[in-house]
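**Q** Below is the structure I would like to discuss, written out as structure tokens.
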Amino acid sequence: MTSFAELTNEFLDAEFDDSPVRASGLGLTEYDERLDDLSEAAFERRSAADTAWLNRFRDLDVGSLGFDEQIDRDLVISILRGRQILDDFQVWRRQPDTYLNPGMQGIFSLFLHRLRPMDQLVSASISRMKLIPGNLEAGKRNLRPDMVPEIFLDRAANQARAGAKYVREILPAQIEDAALSAKLAEAGEAAGSAYDGYVAYLEEMRPNATGEWMLGEDRYSALLREKELLGFGARELRDRGQAAYDELAIDLTRCARELRDTDDWKQVLDELNEDHPRTPEEMRIGYEDWTERARVFLREHRLTSFPEGEECAVVPSPPFQRPVLAVASYMQPPPFSDRMLGHFFVPFPPDGASEEEIQKRLASNSYPGIPTTAVHEAYPGHHWHLVMMKSNPSRLRQVYRTPYFSEGWALYAERMMREQGFFTDMRHEMNQYEATIFRAARIVVDTSLHMGEMTWDEAVTYMTTKTGLTEPTAKAEVTRYCAWPTQASSYLTGCLEIVRIREAFFAAHGSSDTDALRAFHNGITSSGGLPIALAERAVLATA
């Protein structure tokens with residue numbers, strides 16, 4: 001009989017072969033020259049393979065598995081069930097950026113992590129650039145105008161334009177060796193032309209792009225219950241989000257009274273947003289400063305342990321990411337490497353943005369709000385979690401994680417730092433509450449959008465009136481929710497679940513002092529980025 005370890009390795013080898021860009025990003029350099037197959041036949045093959053793998057893992061004798069193996073088995077099943085639930089929705093026929101992401105991310109990550117000598121990186125990226133036109137042609141064959149929502153066209157077209165500039169100009173300019181730079185520029189010109197052609201194709205599609213982005217309540221609820229292993233569906237989740245919003249509004253009212261002697265917390269937040277960096281580089285410096293302050297605070301208060309050699313760089317967001325993501329983000333060091341350097345991407349505006357739009361985007365990254373975002377993305381948020389996770393021996397847990405844990409953890413990190421006294425300025429504390437009520441609003445909007453009870457325009461209005469978002473940021477956010485159902489709801493949902501697990505850990509541990517808190521933080525993050533029910537099983541076993 002095949003052992004669990006053998007079955008796991010067989011499964012992962014098949015996954016890496018099917019998605020070489022992901023494998024390369026994990027630190028497996030033998031996949032660096034390849035791009036994902038995005039043909040119709042490949043998507044159909046993946047669907048059949050997922051069903052076969054799901055049956056194999058379900059058929060395992062659970063009693064023969066160890067404690068951690070049982071968790072790993074349930075993790076794989078949750079991942080595969082999530083894919084099955086979305087299978088008939090055919091995202092690959094609806095979302096044009098499906099055919100952009102592997103090429104762009106696959107090339108960018110090579111030079112971000114630099115796991116190989118420069119000449120090999122250039123060779124690998126040229127190999128991938130040569131495959132980009134094929135990916136884009138697959139998109140032209142697979143996408144169906146009657147299934148593509150019009151709101152996705154600008155998002156994808158702007159991303160393709162940014163990708164063309166990246167491969168033609170930005171990447172070659174980053175290479176000091178003139179000969180290698182020239183080779184990249186030559187390959188980049190061909191790839192850039194393919195991106196130009198894709199933009200033209202999307203523009204031609206526009207009159208006929210009449211597709212639906214709404215996932216539907218049944219699929220949304222099934223993802224919550226069977227992929228995220230939560231005990232409730234979309235409608236109950238929306239009620240939870242609304243209840244949290246109402247509670248947080250009370251905290252924000254208290255802050256507004258203290259700061260401005262008014263109950264209008266939205267007006268106070270708008271005023272606070274006026275204290276913002278005036279250039280993208282000033283914004284980056286602000287984030288870098290608060291990232292280091294958070295790291296020092298954790299050490300001084302002994303709230304976490306620190307893996308040896310970990311480091312977080314605070315850098316501008318990738319050019320091709322800027323048209324589709326208006327908020328900060330993070331990229332972890334490759335799990336299957338010895339690297340411990342993570343990258344905190346500061347949300348620079350896209351090329352071509354007007355000065356008015358740039359200032360509005362910078363207002364969404366105000367000085368009072370920067371400390372909260374630094375905690376979320378770096379210490380002890382995403383960066384700290386993901387370098388802690390590298391110590392887990394399970395290959396499966398290095399590859400798969402859910403935003404309901406990873407984003408839930410990052411929002412929990414904000415809350416915990418507030419509880420521990422990191423935000424000594426009331427403006428900073430108020431912005432942490434605002435960051436949380438923003439996530440509560442996301443739950444209301446995301447569930448309502450995908451249950452068909454809120455339009456895109458209504459969602460933008462909701463986010464600009466119920467949170468501190470400016471209109472350009474709100475539009476980018478809502479389009480993201482339409483393209484990525486359930487993800488926006490993960491932050492506050494996961495945070496509240498982690499708080500609940502923390503209380504159970506303290507009860508089992510018999511203490512809630514600093515040592516117990518540090519043990520909880522170390523234990524739950526090093527267990528991986530598991531669905532909440534599995535994370536609870538893992539950490540309570542260490543209490």
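**Q** Can you confirm whether Leu75 is under 30 Å from Asn392 (Cβ atoms), surrounded by fewer than 19 Cβ atoms within 10 Å (Cβ to Cβ) and not polar (S, T, N, Q)?
**A** no
**Q** Would you be able to say whether some residue in segment 137-152 is farther than 30 Å from Ile85 by Cβ and out of contact with any Cys (no Cβ under 9 Å at 6 or more places or on another chain)?
**A** Within segment 137-152, none of the residues are farther than 30 Å from Ile85 by Cβ and out of contact with any Cys (no Cβ under 9 Å at 6 or more places or on another chain).
**Q** Tell me whether segment 334-347 contains one or more residues that are within 14 Å of Pro277 (Cα to Cα), in the same structural domain as Val296 (by TED's automatic domain parsing) and touching a Ser or Thr at 6+ places or on another chain (Cβ under 8 Å).
**A** yes
**Q** Checking Arg361 against (1) more than 19 Å from the chain's Cα centre (by Cα); (2) surrounded by fewer than 23 Cβ atoms within 10 Å (Cβ to Cβ); (3) of a type outside the set (Phe, Trp, Tyr), which test does it fail?
**A** The one condition Arg361 does not meet is (2).
**Q** Search segment 366-390 for residues being assigned to a helix (DSSP H, G or I) and in contact with a strand residue (DSSP E or B) (Cβ under 7 Å, 6 or more places away or on another chain), and hand back the single one that is nearest to Leu269 (Cα to Cα).
**A** Looking at residues that are assigned to a helix (DSSP H, G or I) and in contact with a strand residue (DSSP E or B) (Cβ under 7 Å, 6 or more places away or on another chain), I get Glu377.
**Q** Name the residue, out of Ala313, Ala294, that is within 18 Å of Leu386 (Cβ to Cβ) and in a helix (DSSP H, G or I).
**A** Of the residues listed, the single one that is within 18 Å of Leu386 (Cβ to Cβ) and in a helix (DSSP H, G or I) is Ala294.
**Q** Considering each residue of segment 255-267, count those that are surrounded by 16 or more Cβ atoms within 10 Å (Cβ to Cβ) and either farther than 16 Å from Ala435 by Cβ or of a type in the set (S, T, N, Q) (or both), and give that number.
**A** Residues that pass the stated criteria total 1.
**Q** Answer yes if at least one residue in segment 295-314 is farther than 30 Å from Ser512 by Cα and either in the same structural domain as Phe423 (by TED's automatic domain parsing) or within 24 Å of the chain's Cα centre (by Cα) (or both), and no otherwise.
**A** yes
**Q** Also, quick follow-up: Among the residues of segment 43-63 satisfying the criterion of being touching a helix residue (DSSP H, G or I) at 6+ places or on another chain (Cβ under 8 Å) and among the small types (Gly, Ala, Ser), which is surrounded by the most Cβ atoms within 10 Å (Cβ to Cβ)?
**A** Among them, the one singled out is Ala49.
**Q** How many residues does segment 6-48 hold that are farther than 28 Å from Met129 by Cβ and either in contact (Cβ under 8 Å) with a residue 24 or more places away in the chain or in contact with an Asp or Glu (Cβ under 6 Å, 6 or more places away or on another chain) (or both)?
**A** Of the residues in segment 6-48, 5 are farther than 28 Å from Met129 by Cβ and either in contact (Cβ under 8 Å) with a residue 24 or more places away in the chain or in contact with an Asp or Glu (Cβ under 6 Å, 6 or more places away or on another chain) (or both).
**Q** For segment 344-358, what are the residues that are touching a residue at least 24 places away in the same chain (Cβ under 8 Å), outside any helix (DSSP H, G or I) and surrounded by fewer than 20 Cβ atoms within 10 Å (Cβ to Cβ)?
**A** Residue satisfying the conditions is Asp351 alone.
**Q** If I filter segment 238-246 for residues that are buried (at least 21 other Cβ atoms within 10 Å of the Cβ) and without any contact (Cβ under 8 Å) to a residue 60 or more places away in the chain, do I get at least one hit?
**A** No; the residues of segment 238-246 include none that is buried (at least 21 other Cβ atoms within 10 Å of the Cβ) and without any contact (Cβ under 8 Å) to a residue 60 or more places away in the chain.
**Q** Please go through segment 169-179 and pick out each residue that is part of a helix (DSSP H, G or I) and surrounded by fewer than 18 Cβ atoms within 10 Å (Cβ to Cβ).
**A** Glu169, Ile170, Ala173, Ala178, Ala179, listed by residue number.
**Q** Continuing with the same structure: Quick check on Ala187: is it touching a residue at least 12 places away in the same chain (Cβ under 8 Å), more than 25 Å from Thr479 (Cβ to Cβ) and in contact with a Gly (Cβ under 9 Å, 6 or more places away or on another chain)?
**A** Spelling it out, it is not the case that Ala187 is touching a residue at least 12 places away in the same chain (Cβ under 8 Å), more than 25 Å from Thr479 (Cβ to Cβ) and in contact with a Gly (Cβ under 9 Å, 6 or more places away or on another chain).
**Q** Which residues, counting only those in segment 198-228, are closer than 20 Å to Thr98 by Cα, loosely packed, with under 15 Cβ neighbours inside 10 Å and not acidic (Asp, Glu)?
**A** Ala200, Arg206, Asn208, Thr210, listed by residue number.
**Q** What are the pairs with Cβ atoms under 8 angstrom where one residue, in segment 273-286, is of a type in the set (A, V, I, L, M, F, W, C) and the other, located anywhere, is part of a helix (DSSP H, G or I)? Sequence gap at least six, or different chains.
**A** Met283/Leu362; Met283/Ile370
The values are calculated or read from the model by the stated rules, or taken from the named source; none is laboratory data. Keep in mind that this is a model prediction, so the values were computed, not measured. Cβ: placed from backbone, ideal geometry, glycine included. Neighbour counts: every protein chain shown.
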